[in-house]
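Asker: The structure is given below, and queries will be raised subsequently.
The values are calculated or read from the model by the stated rules, or taken from the named source; none is laboratory data. Predicted, not measured: the structure shown is a model, and the values here were computed from it. Every residue, glycine as well, gets a Cβ built from its backbone with ideal geometry; the counts of neighbours run over all protein chains shown. For accessibility, only protein heavy atoms count, side chains too; no ligands or nucleic acids. Shrake-Rupley method; radii C 1.70, N 1.55, O 1.52, S 1.80 Å.
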Amino acid sequence: NTLRISADSIALQSGDKSEAGLVFTKNNSVDLYYDNDKKIETTSGGVTVSGNVFVTGSFRGDDNSKLDLGSSNDLQIYHNGSTNIIDNNVGEMKIISEDNIEAIKIHEDGTVDIGAGTDNIKLRFGASSDLQIFHDGSDSFISDTGTGGLYLSSNQFLVRNAAGNELQIQAVEN
């Protein structure tokens, strides 16, 4: 059994006709309202949603389907079939931690800051954070606390002063 209603425009409204619920217009949109406020509208390009969208399952898209954010698609997140991509098309990209610390900042030229503006932020490597690189506000540290050694490989190893204009240690192979 099917209920069919034929008309060029159909509106489902509240009993007193003061609020729209669903409006269908021939060769145009289908609009869904909440409390007389349009929330969903079909368009020739897809669907326009006003307000928040809460998903209880998965948000899915095929390969190369993009999540475009910003007025000019400034930030795009997608999977191209073999690689996951976060594409920042304007300005810096920041990852902000729970305490509103700029954990990672990627500048337009590709330079990366870790823990920008905050001391004692550690870059940690290994399953037990065995290798750490950090600055405590006064001094800089490379800390290797795991088993085994810390190896630096180079055909010429140079250590310079902070200004970079005086050689303090030089080691040359052979």
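Asker: Which FRET efficiency, nearest 0.05, do residue 84 and residue 159 yield, Cβ-Cβ r, R0 30 Å? Don't skip to the end; give the middle numbers.
Answerer: Numbers: r = 39 Å, r/R0 = 1.28.
Step by step, r from the Cβ atoms, then E = 0.20.
Asker: How much accessible area per residue does region 1-156 have, counting only protein heavy atoms and a probe of 1.4 Å, in square angstrom? All intermediate terms of the calculation are to be shown ahead of the outcome.
Answerer: Working: 12540 Å² over 156 residues.
Counting only protein heavy atoms, the per-residue value for region 1-156 is 80 Å².
Asker: If you build a Gaussian network model of the chain, linking Cα atoms that sit under 10 Å apart, which residue out of 48, 145, 118 swings the most?
Answerer: 48
Asker: Label points 7 Å out from Cα along the Cβ direction at residue 9 and residue 55: separation in nm?
Answerer: For the pair residue 9/residue 55, the computed spacing is 3.5 nm.
Asker: Relative contact order of the chain, please, whole-number percent, based on alpha carbon pairs below 8 angstrom and at least 6 residues apart. Walk me through the numbers before you get to the answer.
Answerer: Details: 237 pairs, mean separation 11.1, N = 174.
Value for the chain: 6 percent.
Asker: Under a straight-distance cross-link criterion of Cα-Cα below 16 Å, which lysines are reachable from residue 94, leaving out those fewer than 8 residues away in the same chain?
Answerer: Candidates past the 8-residue exclusion: 105.
Asker: Please give the contour-minus-distance gain from residue 48 to residue 99: 0.36 nm per residue of separation, less the Cα-Cα distance, rounded to one decimal in nm. It would help to have the intermediate numbers written out before the result.
Answerer: Working: separation 51, 0.36 × 51 = 18.36 nm, distance 3.40 nm.
Working it through step by step, the gained length comes to 15.0 nm.
Asker: A follow-up question, please. For the chain, with all protein chains present and a 1.4 Å probe, just round the carbon and sulfur fraction of the accessible area to a whole percent.
Answerer: Working: 6580 of 14190 Å².
Looking at the chain in its full context, I get 46 percent from C and S.
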